[in-house]
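Single-structure report; data block below.
Quick note: the coordinates plus some simple rules give every number you see, no bench work behind them. From a predicted model like this one, the values you see are computed outputs, not experimental measurements. All Cβ positions, glycine included, derive from the backbone under ideal geometry; neighbour counts span all protein chains shown.
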């Protein structure tokens with residue numbers, strides 16, 4: 001049975017392996033150079049406190065390969081579900097060969113177990129190796145990425161660590177399950193893609209934030225969480241503050257789930273419809289703009305004005321998942337996908353064991 | 001001797017339509033059984049139930065004394081060659097034999113190779129490139145080399161030209177007698193079955209009409225020809241299978257222990273084909289009557 005499964009599968013497995021080997025070699029060759037450039041840059045910038053500039057330059061330079069690799073790791077599980085999972089049984093049903101193979105001296109359960117097992121292991125190995133290689137290669141970039149592209153950011157998280165392996169196993173079994181329910185290859189592939197995409201969107205948006213209770217805290221305003229500050233409109237007496245929704249001070253790389261400006265009494269300041277740069281919210285703060293640090297004439301700059309607003313008692317209130325939770329969250333998410341995979345596999349065995357012909 | 005196939009009130013429903021119903025048969029071992037009936041009569045359904053591809057909706061079925069398809073041991077005892085004789089298009093002939101060897105404990109590799117060579121199949125050829133006839137032969141080889149006790153074939157000769165069909169059935173008969181194999185094969189062509197079968201099951205409109213050894217069937221069925229009359233006026237022991245009337249004459253195919261001795265009737269033998277057609281005709285006659293009643 002293993003021989004037959006391998007014989008039917010070896011073409012696409014070898015092709016995938018070849019692509020992954022090329023990718024692996026490319027990463028292995030360029031990875032050390034990237035790491036040494038990062039180390040040199042840090043050594044350079046640390047004494048004169050210009051590391052933010054270095055990070056921006058360094059990340060900007062490698063942004064395209066960074067995004068491309070992240071995308072490859074995100075797409076790989078979907079491909080496994082689409083091209084290995086969905087046709088696994090439907091191809092046999094469409095060619096009628098299930099009638100041949102199910103009448104050899106091997107039960108359908110064993111047939112499915114070997115097919116699912118072997119294909120699943122290859123898919124998991126491919127996604128796992130690819131995910132870990134990209135995690136290793138991207139390490140210097142992950143450390144210098146803007147908050148929206150950091151390791152904990154919804155999209156990047158799924159392309160790092162061990163989660164891709166779980167996604168691949170799940171996508172494969174999802175494809176097989178849809179296949180045995182729909183029984184035709186093309187509709188099964190389309191449905192698998194739609195279902196997998198929906199689940200991969202729902203996971204970071206609806207589920208992952210609550211896998212561990214998020215931390216809630218209030219932070220002083222400063223360079224990390226204030227992206228800009230401008231006089232509010234033409235009338236004086238208020239400043240417009242652009243509060244970051246993706247960064248909190250003191251927790252670099254944290255995944256910020258919510259960020260609000262609270263006034264000195266602790267009430268959330270409501271926006272007035274104005275908007276700022278991306279990943280910020282615009283909030284109006286009453287403060288003298290004719291005298292004091294926020295008066296444009298004084299020429300003290302944004303830092304002094306931010307400090308003045310801070311002194312008045314305004315704070316950032318945020319809920320977030322700190323970067324230290326990266327691995328706990330990876331394990332929890334892997335466990336969830338493993339359970340889903342087992343449940344779907346059970347459904348497949350039930351469906352193939354009886355009724356399907 | 002245990003029955004190769006025993007069914008008790010067996011039924012299979014697809015949605016709301018019964019593909020097979022109230023099927024009760026008991027086929028003894030050691031026969032080549034022909035399953036005959038028009039297209040859509042339920043032949044494939046019965047065969048798929050027998051090899052475990054389908055689960056019955058009603059009743060029960062035992063094949064060689066076991067539940068079909070449940071265990072590796074049961075699967076090893078029953079060979080099945082499906083309609084259209086599916087094979088893996090991307091695998092070569094030799095790889096199909098390897099598949100058989102890997103998946104069947106009783107695999108007879110010598111026999112498989114010998115058969116392939118005798119049929120002129122090239123082991124290195126991909127199965128997808130074979131003609132319909134060659135594919136059927138390859139599928140039959142897989143079924144035979146598995147060394148089952150019962151081989152089930154669903155319309156095995158459908159893709160073959162008349163000569164290939166004749167040879168195929170000839171091989172089948174030889175293999176059956178050589179390996180003490182029971183065979184159940186379906187066809188809608190009586191001529192196919194006449195050549196090889198010594199047991200016949202007639203299936204019409206999802207019901208078994210009659211089952212028995214062919215020689216027994218031929219001695220218990222007769223054609224009666226005589227002046228036109230109503231079937232009800234025939235002797236009570238003559239069960240009418242089909243009736244045809246012209247202006248002056250009536251022809252009946254009847255089932256009876258002994259032919260009637262009434263001199264009004266000319267009694268003649270029926271061929272297997274006549275017999276099968278009579279059972280199919282009986283069914284159509286019933287339908288015709290129903291249609292007329294509805295119209296009236």
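P(r) tail for the protein assembly as shown, what percent of Cα pairs lie past 46 Å?
Above the 46 Å cut-off, the protein assembly as shown has 45 percent of its Cα pairs.
Return, ordered by residue number, the residues of the stretch B:49-90 whose backbone nitrogen is under 12 Å from a label point located 7 Å along Cα→Cβ of residue B:2.
Label zone hits: B:62-68, B:73-75, B:77-78.
Give me B:18, A:111 sorted ascending by neighbouring Cβ count inside 10 Å, so fewest comes first.
B:18, A:111
Given the -39500 (n - 2.57) contribution per DSSP H run of 4+ residues, what per-residue ellipticity at 222 nm results for chain A, rounded to the nearest 500 deg cm²/dmol?
When only DSSP H runs of four or more count, the value is -19500 deg cm²/dmol.
Please check: in the Gaussian network model of chain A (C-alpha springs, under 10 Å), which one of A:33, A:24, A:81 has the largest mean-square fluctuation.
Evaluated over chain A, the most mobile residue of the options is A:33.
For the stretch A:157-275, restrict the atom set to alpha-carbon positions and state the Rg and Dmax in Å.
In order Rg, Dmax, the Cα atoms of the stretch A:157-275 give 22.0, 69 Å.
Give the share of C-alpha pairs in each 10 angstrom bin for chain B, from 0 to the last occupied bin, in whole percents, shortest bins first.
6, 25, 30, 22, 11, 5, 1
By how many degrees, between 0 and 90 and to the nearest 10, does the Cα long axis of helix B:272-295 differ from the longest principal axis of chain B?
So the inclination is approximately 60 degrees.
From the Cα trace of the stretch A:222-313, what convex hull volume per residue do you get, rounded to a whole Å³?
Considering the Cα atoms of the stretch A:222-313, their hull volume per residue is 102 Å³.
So for the stretch B:63-204: antiparallel DSSP bridges make up what percent, rounded to the nearest 5?
Beta bridges within the stretch B:63-204, antiparallel portion: roughly 20 percent.
Treating the angle as unsigned and between 0 and 90°, give the value, to the nearest 10°, between the Cα long axis of helix A:163-182 and the longest Cα principal axis of chain A.
50 degrees
Need one number: % antiparallel among DSSP beta bridges in chain B, to the nearest 5.
On the way: 38 of 56 bridges.
Bridges in chain B are about 70 percent antiparallel.
Quick one: among B:124, B:157, B:112, which has the greatest mean-square fluctuation in a GNM of chain B with alpha-carbon springs under 10 angstrom?
B:124
Ranking A:167, A:62, A:337 by Cβ neighbours within 10 Å, fewest first, what do you get?
On the way: A:167 31, A:62 19, A:337 22.
In increasing order of surrounding Cβ atoms, one gets A:62, A:337, A:167.
How would A:162, B:61 line up from fewest to most surrounding beta-carbon atoms within 10 angstrom?
So the ranking, lowest neighbour count to highest, is A:162, B:61.
Can you tell me the convex hull volume per residue for chain A, based on C-alpha atoms, in Å³ to the nearest whole number?
154 Å³
Could you give me D for the stretch A:1-158, from Stokes-Einstein at 37 °C and 0.692 mPa s, where the hydrodynamic radius is the Kirkwood radius over C-alpha pairs? Units µm² s⁻¹, please.
Details: Rh = 18.4 Å.
Result for D is 179 µm²/s.
For chain A, find the longest principal axis of its Cα atoms and tell me its angle to the long axis of helix A:326-353, 0 to 90°, nearest 10.
So the inclination is approximately 30 degrees.
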